[in-house]
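Nothing in this text is a laboratory measurement; each read-out follows from the coordinates by a stated rule. If you're wondering where the values come from, they're calculated on a predicted model, not measured in any experiment. We place every Cβ from the backbone using ideal geometry, glycine too, and count neighbours over all the protein chains shown.
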Amino acid sequence: MKLEDIEVEDVDFGAMLEESLKKSESKNDLIAGMVVKIDEKDNIAVIDIGGGKDALLDLSEIRNEEGGLLFGINDKIYVLNLGRGRVSHTAAQGKVALNEFIAEYTPEKEYIVEGQIISKNKGGYVVDVDGLEFFMPKTLSYLSPKVEPIGKKVKAVIVKVDKEKNSVILSRKELIEREKAKTDEIVTALFENKDPVVGIVKKITSYGMFVDVGGMDGLVHYSQISHKGPVNPSKYFSEGDEVNVIPLDYDKKKGYLSLSIKDASYDPWADIDSVIGVGDTVTAVVSNIEQYGVFVDLGEDLEAFLHVSEISWDKNVKHPKDYLENNQEINVEVIEVDKVTKRLRVSLKKLTPKPMDAFASEHKVGDVVTGNVTSVTDFGAFVKIGIIEGLLHNQEMAWDKSKTAKSELKISDVVSVKIIKIDKDAGKVSLSKKALEESPMSAFAKTHRNGSIVTGIVKDKKDFGIFISLGNDIDALIRNEDLLPLKFEEIEKGQEIRGVVSFLDVKNEKIRVSVKRLERQEERAVLDKINMEQDDSMTLGDAFADHFKR
């Protein structure tokens with residue numbers, strides 16, 4: 001049977017209340033007593049309740065906030081008989097207040113109250129509402145028998161007041177069903193029209209905000225606030241603001257209503273090509289700064305991402321906050337419009353001159369410049385020259401190949417270097433430190449040329465020949481065909497070999513030596529000497545014979 005089918009007047013709730021109290025008429029009546037004794041030790045007061053009877057009252061009921069007593073001996077005091085020789089001043093005050101409430105009650109007015117269940121019986125529950133005790137029958141409580149009711153806070157509506165029996169009857173069931181009917185009405189209206197409605201922001205949280213739509217609260221998730229994507233609602237709204245919303249979903253079982261603000265507003269992505277395009281220069285406002293980049297507001301409910309690498313041509317940007325601050329207005333260039341993911345990317349550096357262009361206009365290959373070491377790696381060091389960084393590779397550190405950037409340099413060192421390559425397209429500059437020094441090959445070439453006789457120590461053997469060291473970090477190759485009369489298989493590392501320079505390329509640092517040519521060269525030297533020393537009467541055979549006798 002539904003609540004609306006029950007006539008409240010037909011139910012004797014007053015009788016049920018009397019049963020719950022289980023007190024006689026005398027126990028429910030107010031008694032005008034007198035304080036006859038105060039015992040601080042036992043924390044009691046003796047009250048003369050008339051008829052030659054005394055009763056005990058707990059002193060805690062008549063103490064003020066400071067602990068002082070509100071009544072003294074011979075003072076009159078209203079109490080309520082609790083039975084078994086005890087009375088209560090607090091209960092008497094509640095009885096007086098209840099009487100006053102009942103006297104002022106008007107049936108035409110709706111009374112919705114909140115209270116706490118303080119006791120129960122077979123028929124229902126006693127609910128304390130600001131010190132007043134009202135009765136809520138079990139049939140009107142809408143409480144599960146599995147739930148412990150004592151101490152539970154409830155909200156209910158007054159459905160009957162019996163002034164003769166001084167009883168007030170509550171119904172939680174009726175209030176819930178009223179609210180449910182009202183909710184159903186609101187939800188039906190929202191989803192029938194599907195038109196934007198005006199709501200009031202009630203509460204803002206980290207995950208969204210609750211909006212009141214006609215007396216019902218719905219949640220606008222932070223992802224449903226803006227077409228920009230998930231946003232912090234507190235940055236855009238305050239409690240009490242009016243907003244346009246559209247219903248998304250309603251969970252009838254849980255009573256959850258989901259709303260959307262962004263679906264109630266114009267979607268710029270619906271016609272993004274007419275709004276913005278790659279290459280456009282737009283004015284934006286910095287809205288959020290992270291270590292990896294900056295989010296900027298473009299207006300028209302559009303947000304773009306400015307990656308840290310697009311802030312400056314300087315590759316050593318440590319944090320965007322060193323360049324930008326929140327709410328700062330900047331001009332940026334649109335570099336990507338992704339319609340699928342609804343994301344925009346912009347660049348700040350593209351609107352500024354390229355440092356490499358300026359550098360290339362002021363410097364050329366061969367220039368000697370000075371810079372500061374900004375970082376040292378396994379493969380070399382980066383040197384800052386003005387507004388750009390150049391790479392000083394390990395192989396350009398020194399002619400001594402054992403020296404590397406890590407062994408010779410540290411961050412902040414000032415070094416002089418020569419520019420050996422400028423690649424504008426790649427934005428790279430190559431530097432050399434060894435180019436400022438005379439190479440061992442150049443020094444060698446000053447004292448040697450093709451035909452010079454040299455002596456070297458075997459360093460390595462390859463299939464195609466032998467490498468020998470000529471000293472001062474200079475190596476030379478003796479090809480297999482130039483080894484004769486030496487035999488490849490008989491040669492060992494560390495062996496000393498004499499030969500003649502057969503090829504000298506200073507620029508590419510290449511030297512070839514020939515043992516075979518040395519033998520021919522020595523033979524020619526002998527012939528030259530013989531030709532100079534011989535006389536006309538000697539034969540060539542005599543001359544050779546004489547020469548080799550020496």
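Could you sort 135-143, 161-169 so that the peptide with the highest average Cβ count within 10 Å comes first and the rest follow in order?
On the way: 135-143: 20.7, 161-169: 17.1.
Highest-to-lowest ranking by the protection proxy: 135-143, 161-169.
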Self-check item: Formal net charge of residues neighbouring Asn43 (Cβ-Cβ distance under 11 Å; K, R +1; D, E -1)
Solution: -3
Exercise. Relative to the longest principal axis of the C-alpha atoms of the chain, give the angle of the C-alpha long axis of helix 172-193, reported between 0 and 90° and rounded to the nearest 10°.
Key: 50
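Under 9 Å from the Cβ of Leu257, count the other residues' Cβ atoms, weight Lys and Arg +1, Asp and Glu -1, and hand me the total.
Working: positive: none; negative: Asp217, Asp249, Asp251.
It works out to a net charge of -3.
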Quiz item: Under the Karplus relation 6.51 cos²θ - 1.76 cosθ + 1.60, θ = phi - 60°, what is the ordered set of whole-Hz ³J(HN,Hα) values for the stretch 412-419, x standing for Gly and Pro?
Solution: 5, 4, 9, 10, 9, 9, 10, 6
Quiz item: According to a simple spin-label model (label point 7 Å from Cα along Cα-to-Cβ), what is the distance in nm between Ala443 and Asp75?
Solution: 11.3
Quiz prompt | Estimated FRET transfer efficiency when R0 is 60 angstrom, pair Tyr266-Ile411 (beta carbons, to 0.05) | solution = 0.70
Exercise. Using a Förster distance of 51 angstrom, determine the FRET efficiency expected from the C-beta separation of Asp128 and Lys318, and round it to 0.05.
Key: 0.20
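Given only helices, namely DSSP H runs of n ≥ 4 each adding -39500 (n - 2.57), what is the per-residue ellipticity at 222 nm of the chain, to the nearest 500 deg cm²/dmol?
Numbers: 10 runs with 104 residues, N = 550.
Roughly -5500 deg cm²/dmol at 222 nm, from the helical runs in the chain.
In debye to the nearest 20, how big a dipole does the stretch 445-496 give about its Cα centre with +1 on each Lys and Arg Cβ and -1 on each Asp and Glu Cβ? Mind showing how you got there, number by number?
Values: 8 positive and 10 negative charges, 46 e Å.
About 220 debye.
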Quiz item: Alpha carbon centre of the stretch 173-190 versus the stretch 515-529: separation in Å?
Solution: 119
Quiz item: What angle, in degrees between 0 and 90 and rounded to the nearest 10, separates the Cα long axis of helix 89-104 from the longest principal axis of the Cα atoms of the chain?
Solution: 80
Practice problem: Using only the alpha carbons of the stretch 440-521, determine the length spanned along each of the three principal axes and report them from longest to shortest in whole angstroms. | Solution: 33, 25, 19
Quiz item: Using the Karplus equation 6.51 cos²θ - 1.76 cosθ + 1.60 (θ = phi - 60°), what ³J(HN,Hα) coupling, rounded to whole Hz, does each residue of the stretch 449-463 give in order, writing x for Gly and Pro?
Solution: 8, 4, x, 5, 8, 10, 10, x, 10, 5, 9, 7, 10, 10, 4
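Within the stretch 401-497, list the chymotrypsin sites (Phe, Trp or Tyr not before Pro) lying in a DSSP loop whose Cβ has at most 15 other Cβ atoms in a 10 Å radius.
Working: sites: Phe444, Phe464, Phe467, Phe488; in loops: Phe464.
Taking the stretch 401-497 and a limit of 15 other Cβ atoms within 10 Å, the loop chymotrypsin sites (Phe, Trp or Tyr not before Pro) found are Phe464.
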Quiz item: When the chain is fully extended, how far beyond the present Cα-Cα distance does Lys384 get from Lys163, taking 0.36 nm per residue of separation?
Solution: 70.1 nm
Quiz item: Are there trypsin sites (Lys or Arg not before Pro) in the stretch 99-133 that DSSP marks as loop and that have at most 11 other Cβ atoms within 10 Å, and which are they?
Solution: Lys109, Lys122
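For the stretch 17-142, give the magnitude of the charge dipole about the Cα centre (Cβ charges: +1 Lys/Arg, -1 Asp/Glu; no others), in debye to the nearest 20. Spell out each step's value before the answer.
Details: 15 positive and 22 negative charges, 127 e Å.
Dipole about the Cα centre, nearest 20: 620 debye.
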Self-check item: Placed amide H near Lys421: partners under 5 Å, 5+ positions off or other chain
Solution: Ser430
Quiz item: Could you give the distance between the Cα centres of the stretch 295-358 and the stretch 247-289, to the whole Å?
Solution: 21
Quiz item: Along the positive direction of the dipole of the chain (beta-carbon charges: Lys, Arg +1; Asp, Glu -1; about the Cα centre), which of Asn43, Phe488, Gln395 reaches farthest?
Solution: Phe488
Quiz item: Which cross-chain or sequence-distant (5 or more) residues have an amide H under 5 Å from the amide H of Ser119, H modelled 1.01 Å from N in plane?
Solution: Val126
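How much net charge surrounds Ser402 when only the other residues with a Cβ under 11 Å from the Cβ of Ser402 are counted, with Lys and Arg +1 and Asp and Glu -1? Intermediate values should be presented prior to the final figure.
Working: positive: Lys401, Lys403; negative: Asp400, Glu408, Asp473.
Every neighbour counted, the sum reads -1.
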Exercise. Mind sorting out which of [x] 109, 32, 22; [y] 43, 29, 21; [z] 36, 26, 24 is the real semi-axes √(5λ) of the Cα gyration tensor in Å computed from the coordinates?
Key: [x]
Quiz item: Using a simple spin-label model with points 7 Å from Cα along the Cα→Cβ vector, what separation in nm is obtained for Ile176 and Asp423?
Solution: 7.5
Quiz item: Taking θ as phi - 60°, what are the ³J(HN,Hα) couplings along the stretch 372-380 by the Karplus curve (6.51, -1.76, 1.60), each to the nearest whole Hz, with x for Gly and Pro?
Solution: 9, 6, 9, 7, 10, 10, 5, 9, x
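Once you have the Cα-Cα distance between Ser119 and Asn331, take 0.36 nm times their residue separation minus that, and quote the gain in nm to one decimal. Intermediate results must be reported in sequence, preceding the final value.
On the way: separation 212, 0.36 × 212 = 76.32 nm, distance 6.98 nm.
Between Ser119 and Asn331, full extension yields 69.3 nm more.
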Exercise. With both partners inside the chain, how many of the DSSP beta bridges are antiparallel, as a percent to the nearest 5?
Key: 95
